[in-house]
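The values are calculated or read from the model by the stated rules, or taken from the named source; none is laboratory data. No experiment lies behind these values; they were computed from the predicted model shown. Backbone-built Cβ (ideal geometry, glycine too); neighbour counts: all protein chains shown. What goes into the accessible areas is simple: the full protein's heavy atoms, side chains included, and nothing from ligands, DNA or RNA. Shrake-Rupley method; radii C 1.70, N 1.55, O 1.52, S 1.80 Å.
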Amino acid sequence: MVRPRLSVDFAIVLRLRDVDNLGWSRMAQVYRKITGQYISRDTIKRRYLEAKARQSTQ
């Protein structure tokens with residue numbers, strides 16, 4: 001059984017890493033506080049890397 005894919009707000013994820021310069025664990029913690037949605041540090045890292053890849057292809 002596969003877990004459903006979490007949808008995240010990529011603008012928040014990019015801001016937390018690029019502007020606020022937070023590490024993965026701290027990013028996940030702040031993202032949880034902002035959105036109320038649980039996200040692990042591994043998931044936030046994957047979503048950040050996906051967002052950066054999308055940015056570079058556009």
Can you spot a residue in segment 17-28 that is outside any loop (DSSP other than H, G, I, E, B), without any contact (Cβ under 8 Å) to a residue 24 or more places away in the chain and touching a Leu at 6+ places or on another chain (Cβ under 6 Å)? yes
Restricting attention to segment 10-58, which residues are in contact with a Ser or Thr (Cβ under 7 Å, 6 or more places away or on another chain) and open to solvent by 50 Å² or more (accessible area, probe 1.4 Å)? 41
